Amino acid sequence: MKLIKILPALRQRCDRKLSSLCFVPEYREPCEEDIENLQNFIKKSKKLFVLTGAGISTESGIPDYRSEKVGLYNRTDRRPIQHLEFMKYPDRRKMYWARNYSSWPQFSSFRPNKNHMIFSEWERKGKIFHHVTQNVDSLLVKAGCLRLTEIHGTSYKVKCMDCNFNLSRDSMQLLIREQNPNWNIRQNELAPDNDVQLKMEEIRDFKTPTCPKCKNDRLKPEVVFFGDAIPKTKIDVTKQKLSECDGLLSVGTSLEVFSAFRIILQAEELKIPIGILNIGQTRADQKAHLKINSLCSKVLSRIKF
């Protein structure tokens, strides 16, 4: 009888674990040499700079864009919304917020995985001097990371582009619900930026949320959309922190986006050793002093201080 009661719970836990790995691309197990090389690379660094991307969050169940077979670009013809179209066209803002509202309950429920917790532990032990992430999921924040720059912003904050009114994303969810009391379409197929696909007829009755202060409808998550510019203050902070470091470890990113690749170029110019841990090729493989091609958590969990 006890076994019968336990089996459904075990099956549920297994289903959750399998679903969280469905966006992880195929990878090879790390060898002992990989672990030893990364251990030595990190040991030599007294002020380690960490650069992370979507590959550290795929193990939480959030897809990335470019991974072979499982990345959004390889599975679908969908592309993220561009900054200009969001700012210029009311119908695009309507579509964006309908999608975002629909998927937020799931997106906001994702929890940090082993990678996020490891970086938080490294920071507490004083190993990480600064950490820059391209991710907007704030899972590193949830894990307790403090020495952190979210260079592309965060999905958890919203700002009015006309009057600079600020509110949390959870408050935005309540605002949308108040302005759309009878609209309740749910969609669970997420993109890395919390975007989903909805049919035109599904969003026909959706009302674009308006700012509580100025009543305009240009409320936008504090995320750097494609085609937008990273705030200069973040660029300056990143450059300054990097100049004080003696090692750069890039984890879970193909470095295809220039905002990340630029950091690699700066490290190269400063003659800072570069280590890369990622499944598959990256834009900076030829610049790396160390490259490990494997699942992030399989390697990071083996590093000891």
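List, please: which pairs have Cβ atoms under 8 Å, are six or more places apart or on different chains, and start with a residue in region 242-268 that is more than 13 Å from residue 287 (Cα to Cα) and end with one that is at pLDDT below 95 and of a type in the set (A, V, I, L, M)?
Between residues of region 242-268 that are more than 13 Å from residue 287 (Cα to Cα) and residues that are at pLDDT below 95 and of a type in the set (A, V, I, L, M), the close pairs are 252/54; 253/54.
Counting just the residues of region 22-39 that are surrounded by 11 or more Cβ atoms within 10 Å (Cβ to Cβ) and free of Cβ contacts under 8 Å to residues at least 12 places away in the same chain, which one comes out farthest from residue 298 (Cα to Cα)?
Going through region 22-39, the residues surrounded by 11 or more Cβ atoms within 10 Å (Cβ to Cβ) turn out to be 23-28, 30-31, 34-39.
If we keep only those that are free of Cβ contacts under 8 Å to residues at least 12 places away in the same chain as well, we get 31, 36.
Values: 31: 10, 36: 13 Å.
Residue satisfying both the conditions and the ranking: 36.
Please find, within region 114-136, the residue that is surrounded by the fewest Cβ atoms within 10 Å (Cβ to Cβ) out of those that are among the hydrophobic types (A, V, I, L, M, F, W, C) and under 15 Å from the mean Cα position of the chain (by Cα).
117
Restrict the check to region 298-305 and report whether at least one residue is of a type outside the set (Asp, Glu) and touching a Ser or Thr at 6+ places or on another chain (Cβ under 9 Å).
The answer is no; no qualifying residue exists.
A quick yes/no check of all residues on (1) in a loop (DSSP other than H, G, I, E, B); (2) in contact with a helix residue (DSSP H, G or I) (Cβ under 7 Å, 6 or more places away or on another chain); (3) farther than 12 Å from residue 221 by Cβ:
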| site | (1), (2), (3) |
| --- | --- |
| 116 | no, yes, yes |
| 122 | no, no, yes |
| 126 | yes, no, yes |
| 136 | yes, no, no |
| 172 | no, no, no |
| 176 | no, yes, yes |
| 181 | yes, no, yes |
| 184 | yes, no, yes |
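I need the full set of residues from region 247-261 which are more than 13 Å from the chain's Cα centre (by Cα) and assigned to a strand (DSSP E or B), in order please.
Once the filter is applied, which keeps residues that are more than 13 Å from the chain's Cα centre (by Cα) and assigned to a strand (DSSP E or B), region 247-261 yields 247, 248, 249, 250.
Taking region 50-78 as the region of interest, how many residues are surrounded by fewer than 23 Cβ atoms within 10 Å (Cβ to Cβ), out of contact with any Phe, Trp or Tyr (no Cβ under 7 Å at 6 or more places or on another chain) and modelled with pLDDT of 65 or more?
Summing the residues that are surrounded by fewer than 23 Cβ atoms within 10 Å (Cβ to Cβ), out of contact with any Phe, Trp or Tyr (no Cβ under 7 Å at 6 or more places or on another chain) and modelled with pLDDT of 65 or more in region 50-78 gives 1.
The values are calculated or read from the model by the stated rules, or taken from the named source; none is laboratory data. Model, not experiment: these values are computed from the prediction. Glycine gets a Cβ as well: all are built from the backbone with ideal geometry, and neighbour counts include every protein chain shown.
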